[in-house]
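See below for the structure under consideration.
The values are calculated or read from the model by the stated rules, or taken from the named source; none is laboratory data. Because the structure is a prediction, the values reported are computed rather than measured. Note that we place each Cβ from the backbone using ideal geometry, even for glycine, and neighbour counts take in every protein chain shown.
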Amino acid sequence: MELIARLKADFGQFSFELAEENLWLPEKKTILYKKNDPVGVLHELGHAIGDHEGFAQDIELLHAERDAWDKALELGKKYGVKISAERIETAMDWYRDWLHARSTCPECGQNGVQQRASGYYKCLNCETTWQTNDARQTGLKRYKQK
């Protein structure tokens, strides 16, 4: 892929590895990319350029995703890769749905709020408290606290 060669030359501080999924690995300064997905690699490069290393609060993840897409749009102009608004909104919708599922109370099904200090969620309806796993690549699990 010619794009990958150009990105390697222009962003030598990062490694690029062909993989089954698009992913930014900050601890390794490595971008995993799927074959024939230039939009995906530019999005992951957006995370790398943005120095995204994780998130403590769910809302931080949404900000990082939007920031990575904004950077991908800039890179797309430079490298001649068209990124559709539909692709971006589909990706952002996935994260919004995922965050909604994380915040859904396992007891009564209402939405709770994430507590800043602990990262746990608390239901405003029934006062149940729970935590979740990361689950972006696996099944979401919610664990009620006693």
Legend entry - Checking residue 14 against (1) under 21 Å from residue 83 (Cα atoms); (2) surrounded by 15 or more Cβ atoms within 10 Å (Cβ to Cβ); (3) modelled with pLDDT of 95 or more, the condition it does not meet: (1)
Inset, instruction - Identify all residues within segment 49-84 that are acidic (Asp, Glu) and surrounded by 15 or more Cβ atoms within 10 Å (Cβ to Cβ); write none if there are none. - result: 58, 65, 67
Inset, instruction - Find all pairs meeting these conditions: Cβ atoms under 6 angstrom apart; at least six residues apart or on different chains; first residue within segment 89-100 and within 10 Å of residue 61 (Cα to Cα); second residue in a helix (DSSP H, G or I) and not hydrophobic (A, V, I, L, M, F, W, C). - result: 95/65; 99/58
Legend entry - Filtered residues of segment 112-131 (kept if over 14 Å from residue 145 (Cα atoms) and either without any contact (Cβ under 8 Å) to a residue 12 or more places away in the chain or touching a Phe, Trp or Tyr at 6+ places or on another chain (Cβ under 6 Å) (or both)): 113, 117
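Under the condition of being among the hydrophobic types (A, V, I, L, M, F, W, C) and part of a helix (DSSP H, G or I), which residue from segment 96-146 is surrounded by the fewest Cβ atoms within 10 Å (Cβ to Cβ)?
Among those residues, the one meeting the criterion is 101.
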Legend entry - First in segment 32-61 and small (Gly, Ala, Ser), second anywhere and in a strand (DSSP E or B) and at pLDDT 95 or above, Cβ under 9 Å, 6 or more apart: 40/33; 46/24; 48/24; 48/30; 48/31
Legend entry - Test for residue 46: is it surrounded by fewer than 11 Cβ atoms within 10 Å (Cβ to Cβ) and either small (Gly, Ala, Ser) or within 21 Å of residue 25 (Cβ to Cβ) (or both): no
Legend entry - Hits in segment 10-34 (condition: touching a His at 6+ places or on another chain (Cβ under 8 Å) and acidic (Asp, Glu)): none
Inset, instruction - Working only within segment 64-110, note down all residues that are at pLDDT 95 or above, touching a Leu at 6+ places or on another chain (Cβ under 8 Å) and farther than 22 Å from residue 48 by Cα. - result: 110
Inset, instruction - Filter segment 62-86 for residues that are in contact (Cβ under 8 Å) with a residue 24 or more places away in the chain and within 26 Å of residue 104 (Cβ to Cβ) and give the result. - result: 62, 65, 66, 68, 69
